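Read through the structure below, which is laid out as structure tokens, and then see the notes.
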Amino acid sequence: MSEKQPYKPQEIEPKWQQKWEDTRLYQAEVDWDKPKHYALTMLPYPSGNLHIGHWFAMTPSDARARYMRMKGYNVLFPMGFDAFGLPAENAAITRNIHPAKWTYSNMDHMRNQLRSMGAMFDWEREMVSCEPGYYRWTEWFFKQFFDNDLAFRGEALVNWSPTLQTVLANEQVIDGKDERTGQPVIQKMMTQWFFRYTAYADEMLDFSGIDWPEPVKIMQRNWIGRSEGANVVFKTEHGDALEVYTTRPDTLWGATFMVLSPEHPLVEKLTTDEQRPDITAYVEQAANATEIERTAEGRDKTGVFTGSYAINPVNQKRIPIWIADYVMITYGTGAIMAVPFGDQRDFEFARKFGLEIVAVVQPENMDEPISVPEMEQAYDGPGTMINSGPINNQINNGAKGRKNPAINAAIDWLDENSAGRESVNYRLRDWLISRQRYWGSPIPMRYPITATNGDGSEVEFEDAVEMENGLPALDNGQLQIKDGYNVTFGAPESAPDDVLPVELPEDVEFLSSGRSPLTYYAPFLYTKDTDGNWFRRETDTMDTFMCSSWYWYRYLSPGLTDTAFSAEEAAYWLPVDVYTGGAEHATMHLLYARWFAKAMRDLGIFTDAEAIAREHGREDDDLFGEPFKLLRNQGQVLGAERPGDMILATGRKDGDRIIADRVQVIDGALDAMPDAPTVFYGELIRRTENVLRLKDAAGEEVIVEVPEGGMVEIPAIDGENDVNQLKHHLEIQRMSKSKGNVVDPDALVAVYGSDAVRAYLMFGFDWQKGGPWNDTQINGVTGWLNDMWNLTTADAPDGDDPDDDRDLERDMHKAIRGVEKGLESFKFNTSIANLMTLRNVLEGALREGRVSTEMWNEALRTNLLLAAPFAPHITEELWERMGGEYSVHNQAFPVYDEEKAKDDSVELVIMIQGKPRGTLMVSADIAKDDAIAMALESEIAQKHLNGGEPKKIIFIPGRAGNPEPKVNIVV
RNA sequence: GGGGAAGUGGCGGAAUUGGCAGACGCGCAUGACUUAGGAUCAUGUCUCUUUGAGGUGAGGGUUCGAGUCCCUCCUUCCUCACCA
């Protein structure tokens with residue numbers, strides 16, 4: 001310890017990482033004698049590089065997992081890869097690398113990067129979703145759902161991306177564009193695989209028993225979008241039933257027309273010859289419009305009359321049927337009854353096309369009868385029902401569902417007259433899991449093949465088609481059926497368990513069109529069972545959200561081949577105690593995960609685990625129905641703001657732009673603002689190729705074009721310069737390669753060490769909030785680590801002042817409390833702040849030199865233990881140097897002792913009218929009456945009382961964390 | 001348009017959830033040591049008309065006491081969006 005060596009993170013960090021692995025320090029094993037803690041952080045996609053956001057998400061989660069471990073929990077903290085997905089396939093198409101090769105080499109690289117974090121990941125439990133050993137069980141889950149009617153094949157209007165040649169889930173379509181690539185998405189009718197997402201809609205609305213952030217719960221609630229109302233059947237004049245869903249059955253008597261979605265199946269039949277041209281044109285226009293065009297049209301309502309009429313079942317009124325694209329085929333029944341009086345959209349539509357408006361509610365607080373012609377907008381507030389036959393005079397209190405007397409009466413009336421029924425609707429659609437891609441888990445389904453000859457009698461498949469090496473010969477993916485033969489495909493059936501996994505073929509070729517090779521690769525496409533029956537395989541693969549909907553179960557037993565996970569491991573570890581990750585998963589991954597858990601539970605997949613758990617006395621009501629007991633979201637680290645280069649451009653004007661033959665970057669201030677019309681000065685805001693956008697002093701945008709051979713001068717960069725070296729303005733926004741604002745964690749680790757990067761990320765931000773990157777504060781953290789090193793390796797003081805010992809002990813316990821509180825509440829920045837305060841105290845104590853060696857060493861050890869979750873390497877090194885037993889991460893977390901943290905004397909705060917006006921030193925355990933007496937005698941109080949009597953005196957006793965007692969005197 | 005979160009020094013951010021606002025750090029200032037300092041150490045750092053007073057986006061309210069609770073408004077960010 002006396003030997004002085006500087007702190008060199010680059011030397012000690014790899015050393016300890018190696019030793020931790022060699023000694024299997026972080027391997028978690030079931031131990032029923034110890035309480036368990038399953039800490040989970042969202043697994044990365046193997047994009048190729050870990051970015052600072054991964055560090056920001058994972059290292060605090062690691063710190064907390066380490067803390068729980070030191071608190072005596074048996075902690076499981078695993079890591080894996082969400083390895084299927086489009087980028088791998090795009091790499092295959094554009095760069096001719098096989099998706100598997102690309103993915104595996106990325107994972108190798110990222111594994112090393114993850115190791116450099118010094119996190120306590122249990123690598124022996126790693127799972128990789130693209131490995132057959134994993135997706136075999138993804139397929140198995142699919143089969144379970146299929147066999148139990150939770151998975152089905154259906155026709156649906158889907159989001160089709162022509163660019164990606166695949167279908168996307170609603171959640172993946174943002175503003176009519178693909179969430180990932182930003183390419184347009186169109187609507188198309190296709191046969192696809194779905195999960196019955198709404199089967200658990202109501203259960204997923206129940207968050208009791210789980211501790212999740214309120215915003216996530218609200219987002220999920222809105223996403224599920226439960227609404228209560230009624231389904232009402234209108235009859236067309238042809239006699240067809242036209243069912244509508246409404247949340248306002250009370251306004252049925254005001255329904256003066258109907259509107260169908262352009263895609264509604266009855267549109268064709270209802271269209272009269274006279275209206276046909278208009279209707280056809282409108283339907284076509286709506287079909288070709290992408291979602292973005294359809295919504296971008298804004299407020300202005302469009303629509304066409306079909307020429308047909310329906311009968312309103314409540315009053316037998318004949319009402320026209322229109323079509324309009326403001327009615328969505330995907331919600332409700334794809335048709336609405338329009339009540340222009342009460343619905344703003346219907347109101348606008350009626351006004352535009354001159355349709356009737358009937359008032360059905362006399363608004364509250366309106367003396368004269370409501371006048372429809374004077375209305376400027378629909379009325380949906382409370383009042384009394386009018387013009388509504390049997391429910392006239394009912395009170396409409398504006399509430400939703402049966403809580404509204406008018407709605408209640410209307411539903412009862414519908415029921416009694418068999419005109420409709422109460423119903424619940426969800427915004428949530430079934431989960432579309434089909435993807436027309438190669439790099440995903442195969443869907444273990446197949447279609448039996450029947451071959452027939454001209455007579456219609458069955459023949460061998462081999463005889464009906466051209467064959468090649470025992471397989472059907474394909475032409476562009478198509479069977480070559482011999483003349484006179486016919487081949488049909490039967491209803492889908494699941495592949496038997498013993499052929500799982502249906503493996504992705506490796507030696508496939510990728511076409512630049514992006515078409516999935518599975519659709520033209522015969523050995524995958526056609527298969528024969530042992531009885532010689534031929535099948536065509538399903539070529540769709542699963543949405544990768546399917547892979548990530550059960551990965552934390554696989555961590556329990558990643559190598560297991562006979563079940564997806566071991567019942568005993570599940571019984572011990574589940575549910576996940578803490579799940580951390582980004583809030584952007586609120587309505588996708590986190591909702592899918594909940595659905596999955598509930599479906600698994602109901603299919604009996606947890607039955608064995610549950611029995612084992614009960615045997616061991618775990619009596620929780622629902623161990624498996626919710627996957628994550630506690631969820632916390634970290635914020636996002638954004639790119640730093642950076643000013644653009646200040647540029648002086650000289651050239652000539654050409655239209656609205658400047659053709660500059662000379663562009664200079666000006667360092668510092670410009671001597672004088674140029675006044676010539678051909679010289680411009682401003683900050684470079686954006687550059688595309690050789691076109692620069694400058695913002696001049698007046699804030700006006702100036703476009704400068706640098707022609708071929710134009711001179712570029714950048715004083716800070718030697719040699720010849722070109723436009724590519726100009727730095728443009730960076731706003732605070734998400735980091736991305738194209739914006740040039742990414743922060744590379746590897747580079748930071750190389751300079752400062754992993755502990756410093758970890759500590760900086762935890763100290764510099766509010767973890768749950770995130771914020772723009774700014775590395776100026778990293779000095780504060782490296783200083784702290786250096787000080788920790790220097791203090792621990794310094795010669796210990798050898799004093800004998802019991803008061804100083806007591807002071808140090810007190811500060812030590814205050815630090816324990818502060819660090820612990822921060823970790824418990826995910827406020828990692830405050831934990832480190834408390835450690836820095838302790839550092840300041842230790843420095844003072846060392847300087848004064850009056851504390852005993854014993855106390856000093858105890859304080860140092862406590863300091864290392866408290867810091868160990870945040871900076872695992874330096875603390876391990878110093879712990880060893882202090883003679884501590886390996887490993888510091890196996891030690892118990894220091895125990896906070898309130899008595900020892902107590903101050904002997906504290907400041908008594910004297911407040912006048914609630915404002916602090918002065919203090920007195922008093923004993924920490926001063927009694928209320930004594931404190932009040934002392935306060936009243938004080939000069940400050942006397943001054944304010946000015947001889948009078950106080951009106952009121954309030955005593956606020958000191959507490960842990962806020963030890964100062966207060967006396968508030970009201971004069 | 002609906003829903004949500006947030007607004008605190010020059011900056012990142014604290015504040016036991018109603019009890020001394022600005023912890024901790026960055027930056028800055030002054031000084032020390034230095035040939036030097038972008039190293040290190042010490043001291044200081046909310047504002048003002050400084051025996052005191054004011055101050056947490058603006059305005060109002062509840063309270064002995066409000067950054068914290070309530071109402072109105074402004075700003076920013078996120079999210080859903082013609083959902084019947």
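The values are calculated or read from the model by the stated rules, or taken from the named source; none is laboratory data. On a predicted model such as this, the values are computed, not experimentally measured, just so you know. No Cβ is skipped: glycine too gets one built from the backbone with ideal geometry, and neighbour counts run over all protein chains shown. Only protein heavy atoms, including side chains, enter the accessible area calculation; ligands, DNA and RNA are left aside. Shrake-Rupley method; radii C 1.70, N 1.55, O 1.52, S 1.80 Å.
Restricting the search to region A:252-266, which residues are within 9 Å of RNA strand B (Cβ to nearest atom) and β-branched (Val, Ile, Thr)?
A:VAL259
How many residues are among the small types (Gly, Ala, Ser) and over 25 Å from A:TYR752 (Cα atoms) if we restrict to region A:87-126?
Final tally of qualifying residues: 5.
Counting only residues that are more than 10 Å from RNA strand B (Cβ to nearest atom) and open to solvent by less than 10 Å² (accessible area, probe 1.4 Å), which one in region A:241-251 is farthest from A:THR306 (Cα to Cα)?
The selected residue is A:ASP250.
I'm checking my understanding of the structure. Among residues of region A:837-858 that are closer than 12 Å to A:MET788 by Cβ and crowded, with 17+ Cβ neighbours inside 10 Å, which one is farthest from RNA strand B (Cβ to nearest atom)?
So, considering only residues that are closer than 12 Å to A:MET788 by Cβ and crowded, with 17+ Cβ neighbours inside 10 Å, the one farthest from RNA strand B (Cβ to nearest atom) is A:LEU842.
Select from region A:920-956 the residues that are within 9 Å of RNA strand B (Cβ to nearest atom) and open to solvent by 70 Å² or more (accessible area, probe 1.4 Å) and list them in ascending order.
A:GLU939, A:LYS943, A:HIS944, A:LYS951, A:LYS952
Scanning for something over 30 Å from A:GLN18 (Cβ atoms), at pLDDT below 95 and open to solvent by less than 40 Å² (accessible area, probe 1.4 Å), does region A:139-155 turn up at least one residue?
yes
Out of region A:589-631, which residues are among the charged types (D, E, K, R) and either touching a residue at least 60 places away in the same chain (Cβ under 8 Å) or in a helix (DSSP H, G or I) (or both)?
A:ARG594, A:LYS598, A:ARG601, A:ASP602, A:ASP608, A:GLU610, A:ARG614, A:GLU615, A:ASP621, A:ASP622, A:GLU626, A:LYS629
If you take just the helices (runs of 4 or more DSSP H) that sit entirely in region A:1-114, which of them hold at least 3 residues that are modelled with pLDDT of 95 or more?
Result: A:9-22, A:52-70.
How many residues are at pLDDT 90 or above, out of contact with any helix residue (DSSP H, G or I) (no Cβ under 7 Å at 6 or more places or on another chain) and open to solvent by 40 Å² or more (accessible area, probe 1.4 Å) when one looks only at region A:311-330?
4
Out of everything in region A:825-836 that is in a helix (DSSP H, G or I) and in contact (Cβ under 8 Å) with a residue 40 or more places away in the chain, what residue ends up being surrounded by the fewest Cβ atoms within 10 Å (Cβ to Cβ)?
A:ALA833
Out of (1) modelled with pLDDT under 90; (2) farther than 24 Å from A:PRO162 by Cβ, what's the single condition that is false for A:ILE279?
Tallying (1) modelled with pLDDT under 90; (2) farther than 24 Å from A:PRO162 by Cβ, A:ILE279 fails exactly one: (1).
Take the residues of region A:203-240 that are open to solvent by 20 Å² or more (accessible area, probe 1.4 Å) and of a type in the set (Ser, Thr, Tyr): which is modelled with the highest pLDDT?
Result: A:SER227.
Give me the strands (runs of 3 or more DSSP E) completely within region A:336-432, filtered to those with at least 2 residues that are open to solvent by 20 Å² or more (accessible area, probe 1.4 Å) and in contact with a helix residue (DSSP H, G or I) (Cβ under 8 Å, 6 or more places away or on another chain), ordered by residue number.
Ranges flagged: A:420-425.
For region A:757-771, give me each residue that is small (Gly, Ala, Ser) and either open to solvent by 10 Å² or more (accessible area, probe 1.4 Å) or near RNA strand B (Cβ under 7 Å from one of its atoms) (or both).
The answer is A:GLY764, A:GLY770, A:GLY771.
Do you know which of the residues in region A:231-247 that are touching a residue at least 40 places away in the same chain (Cβ under 8 Å) and of a type in the set (D, E, K, R) is nearest to A:LYS269 (Cα to Cα)?
A:GLU237
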